[in-house]
Structures are given as structure tokens and as C-alpha cells.
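The values are calculated or read from the model by the stated rules, or taken from the named source; none is laboratory data. Because the structure is a prediction, the values reported are computed rather than measured. Don't worry about glycine lacking a Cβ; one is built from the backbone with ideal geometry, like all the others, and counts go over all protein chains shown.
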Amino acid sequence: MDKYTDPATWNSFNPSGEVIVALFVIGILVILAIVVGILARRADPLKRPKGLLKVVEWCVEKLDAFVADIMGPGFENFGGILLAIIPFLFIAFTIGITGLPSPINNLAVPLVLALVTFALIHFTAMRYNKGKYFKRFVDPLPVFLPINLLSMWAPLISMTLRMFGNGVVGWVLITIVNNALESASTAIFGSVIAGGASGIFLVPIITPVLHAYFDLFSGFVQTMVFVFLTCLFIAQERPDEIEQEAEMGSRKEAVK
Amino acid sequence: MTDVGLKAIAAAIAIFGAGASSIGEGLLVTKAIDGMARNPEMYGKLRSSMIIGAALVETCGIYALLVAILIIFVM
């Protein structure tokens, strides 16, 4: 019986390093959001925004254009949750550069992020389809009920493992290369410099490249993919009538 | 045969998935470059879709690498 299955240790708060870093990142983002909120409330709407507010307004504008481009009609104010998820995900991926443990390396963090998407998909489907929502489980025939119940979880698992795999694989490869370089450096310079200091010469030359690829580039691409997939999965749940109505509306405007 | 040898063989079999995903990635980039050469004004759009598609295809290879690493270090 370890510390997770023994009920006597449940009430002691003993999080791992990744969870502490995740809470730290959330704290920074919450403070930033409060500051931006105060700035936005105090700003004069008739003047040009400047400083931090300008950056945030640019981000919101771009994100709204992105959502309108990908998701189409019916999701005009969907950018808010993306503006909450994108900075957290990107910082969580790239904080590995500083030497802190990346929150993505703990399976709980990607699982929670994917659960948010999963819940959004199904709540959107319920909101738009009402009672017809349950029809999807018996889609062609009632015989397919167990298969449909299983395949319902596929997006959740694939999104979780995509993020988790990317983070963990990058971390493991960087650690292996670090250790190999350290022992190589000790073997080369060990006779010149005594003690443990001889292991530091090769590491700073080669690992920055790996950090740039696995943390920065991979983190950016995985953030993009997560957001893209979230948008596509949710936009898929919109019934066709809304799209047709929107198309008819734009046609009527064009005729006028 | 020892346990460590069996684990190494299992990890080597698991990493075959990465080979398959890299074939897919090669096909994807070929087609994307083909499209870019045919109409260069679509270059920006094609490049961003190509990167997102490559990340999606790469997922399979990442799963294979993750399984291999788990077999070696965890099992």
C-alpha cells in the first residue's frame, strides 16, 4: 500500500513538482488577467490602447478572427476559453527551459486539459441537439451501442496522450543526452580539472538545440494542434440548420 | 535469454511504429511542397497546414517512442 492507496495519508497535501509548477503558472496568469482587467476598465475607450493593453487587444482580435475562420457561425464568443488555455499550455510546455519540471510531464495536467475539451464537446452537442443527443449512441442500429460507448472516449485519450507523450519524450531525450554529455566531458577533462566540475563543458553547447526543438518548437506546434482540434471537434457538433440559416442571412444581405 | 534482452527486443518492436509515421510524414511533406510549387501564392497557408498535419502524423511516432521508453524504464 503506497501513499496513494493508503487512506491515512489522503488528507496530507503532498503534490509533486509538476503540480506545484502548474499552480505557479496559473498564479502568474491569474495575476496578469486581473491586471489586464483593471487596465481595461480604467482605459479611455476613445483613445488608442497602449502598452500591455495593446498587446492583449491584438491577441483577442487575432483569436476572434481565428475562431470565426475555423468554427464558423454559432460560436462567436468562443475565443474566451481559448485565451485561457493557450497561454497556460504554451508556458507549461516551454517552462522546461528554465530547469523546472514541465507540468505536461504529469499525466494529470494533460488529462484535465483534454477533459475540458471533452466536456465542451458533449455540452455543446447537448445544447444544440437537446433530446436528439442520445441518438448518437445507437447511431446506425441499437446493436452498435457498446462500440459507440467505447469510441466516445477516443478523442479524450488521444488528446491526453499526444500532449503527455510529447512532453515526456522530449524530457527523456534531453535527460539522456545531458547525462551522456556529462560523462563524456568527465572522461575528457577529468584529468585536467579535478572534482565534479569537469562535467559541465559539453552540456551547454549541445542541449540548447534540443531545448529549442523539444520545448519551444514542439510546445508551440502542440499548442496549435490542441487548439485546432478543440475548435474542429466542437464545431463538428453544430447542426446543419444553423449553418444554413447563417448562409441564407449572408445571401440576403448580399442581395440587398 | 534474460529479462533485459526481452525488454530490449520488445522496445525495438515498439519503435517500428515511428518508422511508419515517418513514411507518412514524408508523403505529407512531398504533397505539400508539390502544392506550393504549383501555386506559390498559397505558400503561407500550405505551410501552416503542413506543420499542423505533420504534428498530427507525428503523434503516432510519439506513441511508439513513449511505449518503447515505458517498456525500458518502467516495466
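Of all residues being away from every other protein chain (no Cβ under 14 Å), out of contact with any Asp or Glu (no Cβ under 9 Å at 6 or more places or on another chain) and touching a residue at least 12 places away in the same chain (Cβ under 8 Å) in the range A:200-235, which is farthest from A:Leu173 (Cα to Cα)? Just the residue, please.
Among residues in the range A:200-235 that are away from every other protein chain (no Cβ under 14 Å), out of contact with any Asp or Glu (no Cβ under 9 Å at 6 or more places or on another chain) and touching a residue at least 12 places away in the same chain (Cβ under 8 Å), the one farthest from A:Leu173 (Cα to Cα) is A:Ala235.
Can you pull out the residues in the range B:30-65 that are touching a Leu at 6+ places or on another chain (Cβ under 7 Å) and at pLDDT 90 or above?
B:Ala32, B:Gly35, B:Met36
Report whether or not B:Leu28 is surrounded by 15 or more Cβ atoms within 10 Å (Cβ to Cβ) and either in a helix (DSSP H, G or I) or touching a Lys or Arg at 6+ places or on another chain (Cβ under 9 Å) (or both).
Numbers: surrounded by 15 or more Cβ atoms within 10 Å (Cβ to Cβ): yes; either in a helix (DSSP H, G or I) or touching a Lys or Arg at 6+ places or on another chain (Cβ under 9 Å) (or both): yes.
The answer is yes for B:Leu28.
For residues in the range A:95-119 being of a type outside the set (A, V, I, L, M) and exposed (fewer than 15 other Cβ atoms within 10 Å of the Cβ), which is farthest from A:Val172 (Cα to Cα)?
Result: A:Thr98.
Determine the pairs where a residue that is more than 13 Å from every other protein chain (Cβ to nearest Cβ), located within the range A:141-167, has a partner that is surrounded by fewer than 21 Cβ atoms within 10 Å (Cβ to Cβ) and assigned to a loop (DSSP other than H, G, I, E, B) with Cβ atoms under 9 Å apart, the partner being 6 or more residues away or on another chain.
Note: pairs meeting the criteria are A:Asn148/A:Asp139.
Considering only residues that are under 28 Å from B:Ala20 (Cβ atoms) and either exposed (fewer than 11 other Cβ atoms within 10 Å of the Cβ) or within 14 Å of another protein chain (Cβ to nearest Cβ) (or both), which ones fall in the range B:39-57?
Of everything in the range B:39-57, those that are under 28 Å from B:Ala20 (Cβ atoms) and either exposed (fewer than 11 other Cβ atoms within 10 Å of the Cβ) or within 14 Å of another protein chain (Cβ to nearest Cβ) (or both) turn out to be B:Lys45, B:Arg47, B:Ser48, B:Ser49, B:Met50, B:Ile51, B:Ile52, B:Gly53, B:Ala54, B:Ala55, B:Leu56, B:Val57.
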